1. Determine if the stretch 108-122 includes at least one residue that is farther than 20 Å from residue 159 by Cβ and of a type in the set (Val, Ile, Thr).
2. Is one or more of the residues making up the stretch 87-105 of a type in the set (Val, Ile, Thr), part of a helix (DSSP H, G or I), closer than 30 Å to residue 297 by Cα and touching a Cys at 6+ places or on another chain (Cβ under 6 Å)?
3. Counting only residues that are in a helix (DSSP H, G or I) and surrounded by fewer than 24 Cβ atoms within 10 Å (Cβ to Cβ), how many does the stretch 135-145 have?
4. When the stretch 77-108 is examined, which residues are found to be surrounded by fewer than 16 Cβ atoms within 10 Å (Cβ to Cβ), closer than 17 Å to residue 64 by Cβ and touching a helix residue (DSSP H, G or I) at 6+ places or on another chain (Cβ under 6 Å)?
5. Among helices (runs of 4 or more DSSP H) lying entirely in the stretch 146-211, which contain 2 or more residues that are under 16 Å from the mean Cα position of the chain (by Cα), surrounded by 20 or more Cβ atoms within 10 Å (Cβ to Cβ) and at pLDDT below 95?
6. Can we say residue 217 is outside any loop (DSSP other than H, G, I, E, B), among the aliphatic types (A, V, I, L, M) and without any contact (Cβ under 8 Å) to a residue 24 or more places away in the chain?
7. If I filter the stretch 272-281 for residues that are at pLDDT 70 or above, assigned to a helix (DSSP H, G or I) and either among the charged types (D, E, K, R) or surrounded by fewer than 17 Cβ atoms within 10 Å (Cβ to Cβ) (or both), do I get at least one hit?
8. Which one is modelled with the highest pLDDT, of the residues in the stretch 47-63 that are surrounded by 12 or more Cβ atoms within 10 Å (Cβ to Cβ), over 26 Å from the mean Cα position of the chain (by Cα) and aliphatic (A, V, I, L, M)?
Amino acid sequence: MGRPLAITLLIALLLGIGLRCWSLDHKLFWVDEVFTTLDVAGYTDGEIAALFHPPRLTTAQGLIDTVALDSNRPFRAMLHSLITENTNHVPLYYALTYGWIKLFGQSVTALRALALVFSLAALPLFYDLSRRLFQSPIVAGLAVALMAVSPFHVLYSQEARPYSLWMLITVLSSWALVTSLGTESASQPRQSRRIYWGLYGAAASLGLYTFLYMPLVLVAHGLYVVICQRERWCPAVRHYLLASGAAAVSFVPWLLAIAPYRHILRDNAHWQLQAASRDPLLLLHHLGLTLARGFIDFDLNYGFSPDRWWPYGGVILAVGALVIYSLVITIAMPIWPLGSCRSYCWGCPPSPLWRSKWGWGSSKPVFPAISPPAMWGPNWWWPTGWGGRLSGGLRICGRWWRSPS
């Protein structure tokens, strides 16, 4: 790697870290973060109604001070609230936030800092995953630099929601999967094989307890394993099924706990069951915004009129075209596992989002019906987002991707 390129990548990485840490407590504390605060404190709907009647809370810190954790709000209150009234959320992020607040106190900065930690932890792990996939520090450096300065990742690194944790676990589970497949050769000791497949199973289990879309990532992993093994029934496929099956079994207690409240799950997911547009131009419009936001963001929402596309639309179209071009080029690469890797990073995790609604909404943990308009928002595209970083990094490298240094 040449010195100018190394300096450029270092500057991009430091810029990304700085943007994540800057003004953590001055950005809008929006409604979903309010719900995070209330869910962590274990408030029921009735208690929330009493809390806001008559209206008296005007600042984020005022809300946090009002619902401050104390001995009267035990950990089991949080679990009870998630199980009985917020069944579209799973407990890992909220449990970690509960402990984090106990350690570092309650403030807007403290509440968001945990998401910041998860986002920062994902950067070196993503670098190592890219290096293992491409065997090139140049590609890995470019991929992690794109991820560091991506407005998509910077935004959610400062939001008190589970998305950055899901991102970290998605990268961790993918890293464990790639490493586990590398231990399948006869020259590798059996003990290391067990350790890495065990790590993959643990990461998959943590993912299921982080976000209800994690099954889509696990299915994508399974397709990757089958493709890499050329559709043969081999030890790698069996080990994947064993590890992912163990993760699924570990999630059964939570499914049993929320089973009596599945009607609440349907009600909570009702907002996602919107009428799907059949206008191909509108769908392309949404897709362009989603793809472009990984690289550049004009802060345009999905409802803005197509007649306002110039000049922003031209940039969005250009970025979207380059991203799709990178995807096509990298999938067509002669190195089989690498092309299939980007295929699963891009296509498999969000693939059900392209279908029309079937009646349950996105929160059902087994392939649900998902309405496309509600799901074009960027926070649902974490796995696809880092797939874009991989494709972009590889394409920028071009002929240097084979270089060992």
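1. no
2. No, that holds for no residue.
3. Looking only at that region, the number is 2.
4. Passing the criteria: only 104.
5. Values: elements: 151-156, 163-182, 190-208.
Passing ranges, in order: 151-156, 163-182.
6. Values: outside any loop (DSSP other than H, G, I, E, B): yes; among the aliphatic types (A, V, I, L, M): yes; without any contact (Cβ under 8 Å) to a residue 24 or more places away in the chain: no.
It is false that residue 217 is outside any loop (DSSP other than H, G, I, E, B), among the aliphatic types (A, V, I, L, M) and without any contact (Cβ under 8 Å) to a residue 24 or more places away in the chain.
7. Among the residues of the stretch 272-281, at least one is at pLDDT 70 or above, assigned to a helix (DSSP H, G or I) and either among the charged types (D, E, K, R) or surrounded by fewer than 17 Cβ atoms within 10 Å (Cβ to Cβ) (or both), which makes the answer yes.
8. Among those that are surrounded by 12 or more Cβ atoms within 10 Å (Cβ to Cβ), over 26 Å from the mean Cα position of the chain (by Cα) and aliphatic (A, V, I, L, M), it is 48.
The values are calculated or read from the model by the stated rules, or taken from the named source; none is laboratory data. All values derive from a computational prediction rather than experimental measurement. With ideal geometry, Cβ positions are generated from the backbone for all residues, glycine too; neighbour counts draw on all protein chains shown.
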